[in-house]
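A.B. asks: Below: one structure in C-alpha cells.
What follows draws every value from the coordinates through simple rules; no lab data is involved. In this text, all values refer to a predicted model and were calculated from it rather than measured experimentally. All Cβ positions, glycine included, derive from the backbone under ideal geometry; neighbour counts span all protein chains shown.
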Amino acid sequence: MRTLTTDTLLIFGRYARQTLSSKFQILFGILMPLLYLLFFGPLLTDLPLSAAGSSWQVLVPGLLLQLGLFGASFAGFSVILEKNNGVVERMRVTPVSRLALLLGRVLRDTALFLFQAVLLVLAALAMGLRAPLAGILIGFGFVALLTVSLASLSYALALRVATPQEFGPVVNAVAMPSMLLSGLMLPMALAPGWLDVLSHVMPVRYLVDAMRDAYVGEYATAHMLYGSLVALAFAALAVTVGTRVFRRAGA
Amino acid sequence: MAVISTSGLARTFTTRRGPVEAVRGVDLRVGAGEILGFLGPNGAGKTTTLRMLTTLLAPTGGAATVAGHDLVTDPAGVRRAVGYVAQSGGVDPNVSVREELVTQGRLYRLTRTQAADRAEELAADLGLTDLLDRRTAALSGGQRRRLDIALGLTHRPRVLFLDEPTTGLDPGSRADLWDLVRRLRDEHGTTVFLTTHYLDEADALADRIVVVDKGVVAADGTPSALKLAHGGSIDATLQETFLAITGRGPAPVDTTPVAV
C-alpha cells in the first residue's frame, strides 16, 4: 500500500511537472465550455428551464461536466506518444506498481480539470450564477469522479490502439453523443419521452441531474443518490478496466 | 550456474488472420557473467523472446527463470533483477536527462537522495555529466544511447538485456559501447544478453552465440565452434556461418565489412 502511494505520487509528479510547463495545456481545455458560457448562456436567461433556480444553475453544472467529458476522454493522446517513444515499456519493466502508472496520470488529469472547473465557475459567477457554496463543492466532486472514470478508459483505449488517427475519431464518436444524450446543455426535462428514456443509458445523465440539484441547494434527493452511486460505480469500473490494460499492455 | 534458463518458451499472437507463432519453443541457458549474442534474421523472434524474458509479454507456452525468479509466477522478482534497453530506447523528448535518471531511480524504489546520487554516478560513468540538464531531444544519437543504457543500469541489474544496442551509432560510439559492455561484465559480473544484426559485433563481443530462426534455436555455441560446425572452417566469417545456419541467400565471395 505504501509503495502504491509513493509510486502514484511519483508518476503524478512527473506528469504534473510536464503540465505545469505548458500554459497552453493548462488553459486550452477551458476554451470550449467558456465559449458556451459567454455566447450560449445568455440565450437561456429568460427561459423557464427550472422551477427551483435560474438558468445559470441549470447550465453551469452541464458545462462543468462537458469540460470533464471532453478533456478527460482525450487524455489518452499523451500515452500514444509515450508508447511510441518507448517510455511506457521502459516504465513497465521496472517494479513500479501497474495501478500507479494509471492512477498517477489520472490524478494529474483530475487536478488539471478541477483547476479549470474552478476558473469556469468564477467566470460563471461574473456572468450571473448564484449557487450555494456546498452545492458548488459537491459539483467539483462529480467533475473529479467523471474525470477519473473517463481518463482511465481513455488511457486503456490509447494503449490498445497504435496511432492517434485511430484514437481521435473513436473518442469523438463516444463523447459527442454522450454530451447530447446526457442533457448537458439543456435539461432532459424538455425532451420527448423516448429521448428521456434513451438518455438514462448514459452515466453522465445521472451525474448532471445530481449536480443540478446540488446547485439549487437540494442535497437529499433521489437524483443525488443515483448520481453518487453511478459516479462511484463508473469510476470503480473504469479504474479496474484501466489497470487490467496497463498490466497486460503492449500485446 | 545458469542465470537465464528457458524451456520451450513460446509466444503465439492471435491476429485476425489466424494465430502467428512468433516464438515456437526456445531452450536457452545463459551462465552468470556471460555475454550472449542473440542473432537471427528479421522476424525470427528475437525481440519477442526478449520481451518475454523481461516480463513485458506473457509467454503462451513453456517456462523460464531469470536470475532465480520464475517468469510467470514471480514477474516482480524478475523486474528487480533485470535491466532492459529496448531498440527504440524509451526517453521522453521533453524531459531533462537528470529528470529521466532520477525518475528511473525512484521507479526502482530508491529514496529521493539515493536516486539523485545514483543519477550523478551513472552520468559520470557514461559520460553524461555535462548533459544532465539538457532536454533529451537535444542529445546526439550516441548520447541518447548512453542515456538509454544508463536507465537500464540504474538498479545495478544482474542481467542486462540490450536489443540492437548499436543500431544507428557511428563507429566510435559503437566501440565505446562495446567497451562499456565488457566493463560491466568484468567489473560487476553482469550477464549481458544482446541482440544484434551486426555479425562483427557478435564476433567481437559475445562469448557465445545463439542463432534463432523461425521461432526456434537454430544453433548455439562459441563463435569459433559455430564457424567450424556450420561455416566449414574456423576461418570462415560469421556471415558465412550465419547464412549457412539460416539458409538465407548465398554466402558472399568477398570479405567486405558486414556492417559499418
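A.B. asks: State the answer as a single residue: which of A:ASN84, A:ALA233, A:THR147 lies farthest towards the positive end of the charge dipole of chain A, with beta carbon charges of +1 for Lys and Arg and -1 for Asp and Glu, about the Cα centre.
C.D. replies: Positive-most Cα among the choices belongs to A:ASN84.
A.B. asks: Determine, from the Cβ-Cβ distance of A:VAL170 and B:GLU120 and an R0 of 45 Å, the FRET efficiency 1/(1 + (r/R0)^6), rounded to the nearest 0.05.
C.D. replies: The calculated FRET efficiency here is 0.50.
A.B. asks: Provide the FRET efficiency to the nearest 0.05 for the B:ASP170-A:ALA111 pair, computing r from the beta carbons and using R0 = 45 Å.
C.D. replies: 0.55
A.B. asks: Shifting gears a bit: Given an 8 Å cut-off on Cα distances and at least 6 residues of separation, report the relative contact order of the range B:4-80 as a percent.
C.D. replies: On the way: 124 pairs, mean separation 25.9, N = 77.
Computed over the range B:4-80, the figure is 34 percent.
A.B. asks: Moving to a separate point now. Along the Cα→Cβ direction, 7 angstrom out, place labels at B:ASP235 and B:ASP179. What is the inter-label distance in nm?
C.D. replies: 3.2 nm
A.B. asks: Which of the aspartates and glutamates could a cross-linker span from B:LYS214 if the Cα-Cα distance has to be under 13 Å and same-chain partners fewer than 8 positions apart are dropped?
C.D. replies: Filter leaves B:GLU21.
A.B. asks: For Cα pairs less than 8 Å apart in space and 6+ apart in sequence, what is the mean separation divided by the residue count of chain A, i.e. the relative contact order in percent?
C.D. replies: Value for chain A: 27 percent.
A.B. asks: Taking θ = phi - 60°, what integer Hz values does the Karplus form 6.51 cos²θ - 1.76 cosθ + 1.60 yield along the range B:70-81, in sequence order, with x for Gly and Pro?
C.D. replies: Once rounded to whole Hz, the list reads 6, 4, 8, 8, 9, x, 5, x, 4, 4, 5, 9.
A.B. asks: For A:LEU133 and A:VAL118 in the same chain, what is the full-extension length gain: residue separation times 0.36 nm, less their Cα-Cα distance, in nm?
C.D. replies: Computed gain between A:LEU133 and A:VAL118 is 4.2 nm.
A.B. asks: May I pose another question? For the range B:114-260, what proportion of DSSP beta bridges, expressed in % and rounded to the nearest 5, is antiparallel?
C.D. replies: Approximately 50 percent, going by the DSSP bridge assignments.
A.B. asks: Which value, in Å to one decimal place, does the Kirkwood hydrodynamic radius take for the protein assembly as shown when every pair of different Cα atoms is included?
C.D. replies: Across the protein assembly as shown, the inverse of the average 1/r is 25.6 Å.
A.B. asks: Moving on to the next point. Mean separation of Cα pairs under 8 Å and 6+ residues apart, divided by the residue count of the range B:8-160: what relative contact order is that in percent?
C.D. replies: For the range B:8-160, the relative contact order is 20 percent.
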